[in-house]
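Please treat every number below as a calculation from the coordinates, not as lab data. Source: prediction; values computed, not measured. Glycine also receives a Cβ, built like all others from the backbone with ideal geometry; neighbour counts cover every protein chain displayed.
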Amino acid sequence: MKNKLNIICCNILFLIFSLSLSYNSYAAETPSTAELWELVQKQQSQIKQQNQQIKDQNKAIKAMETNFSKQILASENALLIKNDALWLDVERKTKKEKTPFSFRGYMTANYYNYQWDTNKDKRYEADLERLVLAGKYQFNDQWSLSAEVEYEHGGTGSTMEFDVFEEFGEFEQEIEKGGEIVLEELFLQYDYKPWLALRMGEIPVPVGLINKRHRPSQYYTTERSEAESSMIPVAWHELGVEIRGKYKGFFYRGQVITGLDSTGFSSANWVQRGFQRRFERKNADNLAFVASLDYDFSSLNIDFLKGLEVGSSFYWGNTSDNRPKPDLDEDAEVSILGFHGIYENGPWTLRASSLYGHLTNSDLVSEANSRLSNKLNVKRSPVAKNAFAWSIEAGFDLFHFIPNKPSLLGKSFDWFVRYDNYDTMRRVTENGFDNPRWERETWTTGFNYAFIKGLMLKGQYSHRNLNIPADNNENTYSLGIAAEF
């Protein structure tokens, strides 16, 4: 029992000694209040220093940003000043170089090799066909003046011509002008709006397709349309007034102009020679009225319709009072109705036109013309009551088959086929003579080679057939050069 008590006492003493040691150790490790306060102050001081460093860094960053912004602004200002100076320089140059005057023109020259059954002795020919020079002066945004001068066949002069067929197979000798200098256009134009403009002066007459598209790049053949040029004047122009305008793909023209002179009408060319060019001034006792309307399908923004255009034209005018002498009391009214279509899209080109003409009192015109003086230089042959002409041509650019075509080859090489059918004595009066010689059809094939833009070489072969029983073929080989500028 005594031993157990001793053991318990020893354990109690050991426990008290251990607790005492633990307390002393804890007391030694735990800081005092003063030490804790000192520690807190040190930490606060470090925090203040860090905050000050952050503030200093922010100030430095802001200073850098301000500096950078100033540099950017300065650079932008310098660039703007430089651009302004550049634009001012361009504007000065533009104003210096800009001129209200513009200039354009074109020329054609052809060689012809004739193999005609109708005239086996017909000579080969070389012809400096025409040089056309056109200028325009723009007074302001509304008013302009346009002029066009044509030099035909190398100048002016006189030639001797044997006309084998015009007088029913008899020989006729005439002296005609060898060349001409013609003022084809001279008019003032006032542009009010795209849908309304006014022209006054010597203006082009928009009858038929060839009078609207007579530049060499606008037709394939070496000469202008065979069918249309057999019926009406080509590059036709008259003194008068025109209103014109465009609206949503439509293009209209209306004219009041000087009329034709019926003394120039003939069997071979119907009213073509009625164009008043023999005298210094045109007779204007009879005026004529012209209307044309065209529609461009490109305005619809449909890919396969781009390049498609259709149109019509109408001409009406009396001609008897425009004769040099008052030798015809009855009216001689000319009416011409025309239709045409054009499709030019990619390598394909398709053009077609037709003309139908009517002349009142054609028998009286024929009778009066037969009495005309030889000095008037007219044909004096019967004139038809009705005439008709139509044509169609198709072409394809063969360079389309050459991918990545080198520029050395040229711009385009169009091969074409054309058909013309025309009869300038389509219908005559009861007492008239319908000469079958003037019912003609022609097949033509050839090429147009544009070796650079504006310069082209043309070549063709044409076969013409006349509606007569024998010696009715006329074959022509021709080669031509053309330029547009």
Review point. What net charge do the residues around Thr429 carry, taking every other residue with its C-beta under 14 Å from that of Thr429, with Lys and Arg at +1 and Asp and Glu at -1?
Key: -2
Review point. Can you sort Ser292, Ser298, Ser32, Ser462 so the residue with the fewest Cβ neighbours within 10 Å comes first?
Key: Ser32, Ser298, Ser462, Ser292
**Study point:** Surface/4 of the Cα convex hull for region 128-436, nm²
**Key:** 18.6
Point to revise | Rule-of-thumb Rg ratio for region 290-363 [Cα; 2.2 N^0.38 Å; N residues] | key: 1.64
**Study point:** Charge dipole magnitude, Cβ of K and R +1, D and E -1 - region 128-436, Cα centre, debye nearest 20
**Key:** 1040
Review point. Can you work out the FRET efficiency for the pair Lys246 and Leu398, with r the C-beta to C-beta distance and R0 = 25 Å, to the nearest 0.05?
Key: 0.15
Exercise for review: Mind checking which of Ile203, Ser266, Phe413 is farthest towards the positive end of region 128-436's charge dipole, using Cβ charges of +1 (Lys, Arg) and -1 (Asp, Glu) about the Cα centre?
Suggested key: Phe413
Check your understanding: Quick one: Cα centre-to-centre distance for region 338-360 and region 196-275, in angstrom?
Key -> 14
Revision key, fill the gap. Checking region 268-303 for chymotrypsin sites (Phe, Trp or Tyr not before Pro) in a loop per DSSP with at most 12 other beta-carbon atoms within 10 Å yields Phe279
Check your understanding: Given just the C-alpha atoms of region 393-475, how large is their convex hull per residue in cubic angstrom?
Key -> 107
Review point. Residue by residue, what Karplus-based ³J(HN,Hα) values in Hz, rounded to whole numbers, does region 197-213 have, using 6.51, -1.76 and 1.60 with θ = phi - 60° and x for Gly and Pro?
Key: 9, 10, 10, 9, x, 7, 10, x, 9, x, 10, x, 6, 5, 6, 9, 9
Study note, to complete from the structure: Residues other than Gly454 with Cβ under 13 Å of its Cβ, Lys/Arg counted +1 and Asp/Glu -1, net out at +3
Practice item. May I have the pair-distance distribution P(r) for region 328-485, computed from all Cα-Cα distances with 5 Å bins from 0 and rounded to whole percent? Key: 2, 8, 12, 14, 14, 13, 11, 9, 7, 5, 3, 1, 1, 0
Revision key, fill the gap. Taking the reciprocal of mean 1/r across every pair of different Cα atoms in region 196-340, the Kirkwood radius in Å is 16.3
**Study point:** For Tyr356, Tyr192, order by how many other beta-carbon atoms lie within 10 Å, fewest first
**Key:** Tyr192, Tyr356
